[in-house]
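Data first, discussion second: the structure below is written as C-alpha cells.
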Amino acid sequence: MAVKLTERAAEQVKQFQVEHNFGDEMVLRIGIAAGGCSGFSYTLNFDDTFDEKADTKYDCGGVAVVVDKKSALYLDGTTVDWYESLEKQGFTFENPNATKSCGCGSSFQA
C-alpha cells in the first residue's frame with residue numbers, strides 16, 4: 001500500500017504549486033517527526049530532492065508525493081484529505097496505523 005491524496009487534497013497541492021511558481025522538480029514530501037501531543041507529528045512540505053535509496057515516490061492525482069522509508073512504516077495506507085469549514089481549513093490524515101490520535105489530529109501514536 002502507499003500514501004494517497006484525495007482529489008480535493010491533490011487539487012489544493014496543485015493550486016499551491018501554481019501560486020508559488022514551483023517547477024516540475026518540486027515534490028510533496030510527507031513524513032513523520034518525533035513530537036506532538038501523541039508521540040509523532042505529521043510533516044508536509046515541498047522539496048526538490050528525491051533519493052531512490054531512501055525515498056519512495058508515488059503519483060497521486062498528478063502530484064508527485066515522496067515518503068522516506070522510515071516514515072513509510074508508519075504512514076502505509078494513509079489518506080491525506082483537504083478539509084474546509086468556516087472555522088478552519090487544512091490537510092487531514094486518515095492513518096490506519098495510528099492507535100491513538102490527539103484531538104487536533106496533527107499527531108498520533110502507532
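Values quoted throughout were computed directly from the atomic coordinates according to the rules given, and no laboratory measurement underlies them. No experiment lies behind these values; they were computed from the predicted model shown. When we count neighbours, we look across all protein chains shown, and the Cβ atoms used for this are built from the backbone with ideal geometry, even at glycine.
At 1.306 mPa s and 10 °C, plugging the Kirkwood radius over alpha-carbon pairs of region 4-98 into Stokes-Einstein gives what diffusion coefficient in µm²/s?
Values: Rh = 13.9 Å.
Rounded, D is 114 µm²/s.
What is the chain's relative contact order, in percent, from Cα pairs under 8 angstrom and six or more apart in sequence? Before the final figure, lay out each step's value.
Details: 204 pairs, mean separation 34.8, N = 110.
Averaging sequence separation for qualifying contacts and normalising by length gives 32 percent for the chain.
Just from its helices, what would the mean residue ellipticity at 222 nm be for the chain, if runs of 4 or more DSSP H residues each count -39500 (n - 2.57) and the sum is divided by every residue, rounded to the nearest 500 deg cm²/dmol?
Working: 2 runs with 20 residues, N = 110.
Computed mean residue ellipticity for the chain: -5500 deg cm²/dmol.
Of 6, 60, 43, which is farthest on the positive side of the dipole of region 4-98, counting Cα position, with +1 on Lys and Arg Cβ, -1 on Asp and Glu Cβ, and the Cα centre as origin?
My answer, from the dipole projection, is 43.
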